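Asker: Sharing a structure here in structure tokens format.
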Amino acid sequence: MTQPIENMANATARFNMIEQQIRTWEVLDPTVLQLLNDVPRENFVPLEYQGLAFADIEIPLGHDQTMLSPKLEGRILQALNVQKTHNVLHVGTGSGYFTALLASLAKHVISVDINADLSALAAKNLAQNNIKNVTLEVADGIFGRKSYEHYDVIVFTGSSPVEPAGVRQQLNIGGVMFIILGSVPAMQATLIQRVSETGFKQDVLFETCVPELINAPQAQQFEF
């Protein structure tokens with residue numbers, strides 16, 4: 001039996017996305033590449049942008065929010081090295097696609113979005129794709145979650161001019177946090193690892209530019 005033309009077109013576009021965008025951006029982890037092949041990105045893209053589901057762009061979701069570009073999603077996943085034992089905090093649910101990628105790798109994901117409409121859209125998309133190990137919350141997650149819970153992975157899918165205070169302390173020892181720090185035009189994708197109760201290691205992975213998270217803390221302005 002031959003595949004429907006639409007499915008074949010998506011399969012070809014997905015293959016090209018992985019080979020031409022993601023691999024060429026130094027994403028070579030076979031687990032990540034397989035995941036990007038297996039989780040259907042098009043199922044999380046608004047209908048009006050279906051023709052751009054696999055394009056090297058940020059896709060608008062409304063409410064001034066966007067999906068990250070595929071190559072950036074791949075690069076983040078590779079840096080985080082999420083394992084089946086990990087509990088993950090994701091800030092910036094959007095359409096639920098990156099949440100789905102995380103959930104496919106992790107034990108459990110708590111995904112927080114400040115916008116109720118986007119969280120509802122993500123809930124619908126995740127349910128339709130049979131992804132169940134996710135808890136969605138409508139809240140301002142810029143400072144993480146004010147609970148006693150700690151996480152193996154914390155990831156922000158948006159930028160902040162400065163690191164939000166207190167979030168790195170929500171990591172388990174050995175845990176990692178990904179956040180894009182800085183302002184246009186100079187933003188740095190940053191990985192922070194908790195190496196002890198009081199010790200942290202911080203590395204700049206690459207430069208990029210993505211929309212700022214709502215209510216992100218601002219750099220202090222100096223007056224002369």
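Asker: State all residues of segment 69-105 that are surrounded by fewer than 24 Cβ atoms within 10 Å (Cβ to Cβ) and on the phi > 0 side of the Ramachandran plot; if no residue qualifies, say none.
Answerer: Residue satisfying the conditions is 81 alone.
Asker: Give all pairs with beta carbons closer than 6 Å in which a residue from segment 199-224 that is closer than 22 Å to residue 94 by Cβ and among the aromatic types (Phe, Trp, Tyr) meets a residue that is part of a strand (DSSP E or B) and modelled with pLDDT of 95 or more; count only pairs at least 6 apart in sequence or on separate chains.
Answerer: 206/189
Asker: Give the number of residues within segment 131-155 that are farther than 28 Å from residue 218 by Cβ and hydrophobic (A, V, I, L, M, F, W, C).
Answerer: Looking only at that region, the number is 2.
Asker: For residues that are within 17 Å of residue 73 (Cα to Cα) and among the charged types (D, E, K, R), tally how many sit in segment 173-224.
Answerer: Selection size over segment 173-224: 2.
Asker: For segment 111-150, how many residues are crowded, with 17+ Cβ neighbours inside 10 Å, under 18 Å from residue 213 (Cα atoms) and not acidic (Asp, Glu)?
Answerer: The total comes to 12.
Asker: Return the residues of segment 172-224 that are in a loop (DSSP other than H, G, I, E, B) and touching a Cys at 6+ places or on another chain (Cβ under 9 Å); say none if nothing qualifies.
Answerer: Across segment 172-224, the qualifying residues are 184, 185.
Asker: Moving on to the next point. Between residues in segment 124-140 that are assigned to a loop (DSSP other than H, G, I, E, B) and residues that are of a type in the set (S, T, N, Q), which pairs lie under 6 Å by C-beta distance while being six or more apart or on different chains?
Answerer: 129/43; 140/215
Asker: Report, by residue number, each residue of segment 16-62 that is more than 18 Å from residue 210 (Cα to Cα) and touching a residue at least 60 places away in the same chain (Cβ under 8 Å).
Answerer: 31, 35, 36, 38, 39, 40, 43, 44
The values are calculated or read from the model by the stated rules, or taken from the named source; none is laboratory data. Computed from a predicted structure; not experimentally measured. Note: ideal-geometry Cβ built from the backbone for every residue, glycine included; neighbour counts use all protein chains shown.
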